[in-house]
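The values are calculated or read from the model by the stated rules, or taken from the named source; none is laboratory data. It should be emphasised that the depicted structure is a prediction, and the values quoted were computed from it without experimental measurement. Glycine also receives a Cβ, built like all others from the backbone with ideal geometry; neighbour counts cover every protein chain displayed.
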Amino acid sequence: MVAEIVIAHARPTRLATAVRSTLLQSSLGFLRTRGHLDRYLLVLDPANKEAILGSIAPAWLPIELAVAHYGACDRLDLSLEERVALGEAVGERIQGPVMKTITRGARAVGVTPFTLLTRFDSLWGRLFQGGSIQVTKTGPKDIEVEILGARVSRFAYFRTGFTGLARAGLRVTGVRVAYVHTGPLAGGWLVHD
């Protein structure tokens, strides 16, 4: 099969400058639920603690807070499975209701999961100001996601968590995701700053 770009990168691609507070708050909530919050607070840069913990209302936060958050999460050194599970939990919370509504309508007119992936960039836009994703169909049941212009993508925790977030969205559509691969700068998730 010839690779097919489902969503092309935004042109021009601007660097990400802001992150939605709901992404960080959902992440913190699940770190707490899974018993990792105390360790997270120990490894989080104290200069960012108040801004990250105090961002209760939905708002755009400087990307530097996301960099601090995902850097601290990386330092937790959680297993791949734990990072993906945390990403799935965040994904279900953030996109579950929206994806369920879209999926109900889509199934009625015969839309496939790959058709739904054409809206994946709108999810990115709800979470980040700037940066870009490209989704490429690489096989009958395979996709590759490339991230540009997002400094958070350098963190393994973010990449695997974002994989889990994508899995959660696909699961809501009825797709069973059996395998996820994350590469540091190549492989299933290509990531560039």
Legend entry - Members of segment 51-66 found to be in contact (Cβ under 8 Å) with a residue 60 or more places away in the chain and part of a helix (DSSP H, G or I), listed by number: I63, A66
Inset, instruction - Take segment 1-34 and flag every residue that is of a type outside the set (A, V, I, L, M), farther than 17 Å from G87 by Cβ and either part of a loop (DSSP other than H, G, I, E, B) or free of Cβ contacts under 8 Å to residues at least 24 places away in the same chain (or both). - result: H9, R11, P12, T13, R14, T17
Legend entry - Only listed residue being of a type in the set (K, R) and surrounded by 14 or more Cβ atoms within 10 Å (Cβ to Cβ), chosen from R75, R32, R11: R75
Inset, instruction - For V90, state whether it is crowded, with 17+ Cβ neighbours inside 10 Å, under 26 Å from P46 (Cα atoms) and at pLDDT below 80. - result: yes
Inset, instruction - Hey, could you check segment 138-167 for residues that are in contact with a strand residue (DSSP E or B) (Cβ under 8 Å, 6 or more places away or on another chain) and among the acidic types (D, E) and say which is surrounded by the most Cβ atoms within 10 Å (Cβ to Cβ)? - result: E144
Inset, instruction - Please find, within segment 135-160, the residue that is farthest from the chain's Cα centre (by Cα) out of those that are over 20 Å from R20 (Cα atoms) and either in a helix (DSSP H, G or I) or of a type in the set (S, T, N, Q) (or both). - result: T138
Inset, instruction - Taking only segment 35-47 into account, find how many residues are under 21 Å from the mean Cα position of the chain (by Cα) and in a helix (DSSP H, G or I). - result: 2
Legend entry - Residues of segment 146-161 satisfying the condition of being touching a helix residue (DSSP H, G or I) at 6+ places or on another chain (Cβ under 7 Å) and under 18 Å from T118 (Cβ atoms): I147
Inset, instruction - State whether the residues of segment 118-135 include one that is modelled with pLDDT of 80 or more, loosely packed, with under 14 Cβ neighbours inside 10 Å and of a type in the set (F, W, Y). - result: no
